[in-house]
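The values are calculated or read from the model by the stated rules, or taken from the named source; none is laboratory data. Since this is a predicted model, take the numbers as computed values, not measurements. Cβ sites come from the backbone with ideal geometry, for glycine too, and all protein chains shown count toward neighbours. Surface areas here come from the heavy atoms of the whole protein model, side chains and all, with no ligands, DNA or RNA. Shrake-Rupley method; radii C 1.70, N 1.55, O 1.52, S 1.80 Å.
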Amino acid sequence: VLDGNEVVYIDRVECDWPLRVQLQAGSRVPAYCTAIGKLLLAHRTPGQLEQYLNSVRLIPLNGNTITEADTLRIALEAIRTQRFSINNQEDSIGMLAVAVPILGADKSVMAGLALHGPEARLSESRATSLVARLNSAARDISYFLFAEPAPCQTAG
């Protein structure tokens, strides 16, 4: 989820592979250069997005990091249209991520679900091919967290 200008990981499931992204629940990462962060920014109101852009420095973490507000706006519009986000080595060279939205009861984007991996195992095309499976998992999470319980029925 977004907290201020950063993404905060609520939960993580780590793999046993030796080469992996190692972040624990509670870890914070910049929003502008991560898959979940860009996904969440893409679904902010125009006013909220401008407030974010006015309050953050788009610091280059490497040569792939988007550091221009106009370029980020264009990327966010594409993310909003396609309903998923890719981070192709924008924050860490050699690491790739894909993220999809977790929707609230009102169908607004509440959080994101992402899959991270080293480029050696997760190419951009492979990440894109996993979007449908991630969306299925995100729907399950959304239902679990935000679905209204069925009304109780009484006998009689």
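Brief remarks on what is shown
- Per-pair calculated FRET efficiency, R0 = 25 Å: R126 and E68 via Cβ, rounded to 0.05: 0.35
- Surface exposure of segment 90-151, expressed per residue as accessible area with a 1.4 Å probe, stands at 58 Å².
- Full extension of the chain between A137 and Q82 yields a length gain of 18.1 nm, computed as 0.36 nm times the residue separation minus the alpha carbon distance.
- Rounded to the nearest whole angstrom, the semi-axes of the ellipsoid equivalent to segment 44-133, taken from the Cα gyration tensor as √(5λ), stand at 22, 20, 10, largest first.
- Computed with every protein chain present, the accessible area of L115 is close to 60 Å² [probe 1.4 Å].
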